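The values are calculated or read from the model by the stated rules, or taken from the named source; none is laboratory data. These numbers were taken from a predicted model, which means no experiment stands behind them. Quick reminder, even Gly has a Cβ in these numbers, built from the backbone with ideal geometry, and neighbours come from all protein chains shown. These area figures cover heavy atoms from the full protein model, side chains too; ligands, DNA and RNA do not enter into them. Shrake-Rupley method; radii C 1.70, N 1.55, O 1.52, S 1.80 Å.
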Amino acid sequence: MHLCFAFSSPAATIAAMMPVATVMPDDTPMFDPNLLHELDWSQNTATFSPAISPLDPGDGLVMRPLCTADLNRGFFKVLGQLTAAGVVSPEQFIKTFEHMKRSGDYYVTVVEDTNVGQIVATATLVIEHKFTHSCAKRGRVEDVVVSDECRGKQLGKLLMSTLMLLSKRLNCYKITLECLPKNVAFYKKFGYSVSEENYMVQKFFN
């Protein structure tokens, strides 16, 4: 009878005993910040008084892509002023962020107040790939919200103008959004028109 014993090395034993490393939030952007920095702002059709732009959104403010560290800068607090954000763990947030980043079709843009290190506004451009219109791309604007304390600083207008120019830069054949009737006049300022189509929805959970 032959007895065989498997002995693991001390290094392997130590490695097996160590906890699995977790990904920590950091400042890696969801998309290339140069896409925002290099927009041709001369094509902007909205008026701003005082003048602001993606490169200069206001005193102490910075417009940039979302990063996972924004989880700790009040990103969900701002989203919660728009709709039910739910309870999200850091692991869930990072997993969803990485999925969006890998796809290359999500442009979650935020405005940070660097004086307090908090996110004060956000909006998302999602790129939808089509077979129609010669395999064109359609842009969808979603989750536009400005925190209560920063309303009146033109940040909503700035985000809308920025994402419209970004959709052009990404060669979208059109850009769409959904809004409440009371907000139609606001979005018309950016060239949007009311579609003849009806927006319909079926929710499976909130």
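For this structure, a couple of remarks:
- Flag for G104 being exposed (fewer than 14 other Cβ atoms within 10 Å of the Cβ) and touching a residue at least 60 places away in the same chain (Cβ under 8 Å): yes
- The set of residues from the range 56-81 being surrounded by 15 or more Cβ atoms within 10 Å (Cβ to Cβ) and part of a loop (DSSP other than H, G, I, E, B) comprises P57, G58, L66, G74.
- With a requirement of 3 or more residues that are under 22 Å from S53 (Cβ atoms), of a type in the set (K, R) and touching a residue at least 60 places away in the same chain (Cβ under 8 Å), the helices (runs of 4 or more DSSP H) lying completely within the range 108-206 that satisfy it span 155-169.
- Among residues of the range 31-51 that are touching a residue at least 40 places away in the same chain (Cβ under 8 Å), those with a beta-carbon under 8 Å from a residue that is open to solvent by less than 90 Å² (accessible area, probe 1.4 Å) and of a type in the set (V, I, T) at least six positions away or on a different chain give the pairs L36/T109; L36/T162; L39/T162.
- Here E98 does not fit the description of being buried (at least 19 other Cβ atoms within 10 Å of the Cβ), closer than 19 Å to T68 by Cβ and not aliphatic (A, V, I, L, M).
- Qualifying positions in the range 88-97 - assigned to a helix (DSSP H, G or I) and free of Cβ contacts under 8 Å to residues at least 24 places away in the same chain: Q92, K95, T96
- Scanning the range 1-55 for residues that are of a type in the set (A, V, I, L, M, F, W, C), at pLDDT below 90, surrounded by 10 or more Cβ atoms within 10 Å (Cβ to Cβ) and in a loop (DSSP other than H, G, I, E, B) gives a single hit, V23.
- Residue list for the range 173-186, restricted to those being at pLDDT 90 or above, touching a helix residue (DSSP H, G or I) at 6+ places or on another chain (Cβ under 9 Å) and not charged (D, E, K, R): Y173, I175, L177
- Counted residues, the range 164-205 - those being touching a Ser or Thr at 6+ places or on another chain (Cβ under 7 Å) and within 25 Å of A85 (Cβ to Cβ): 1
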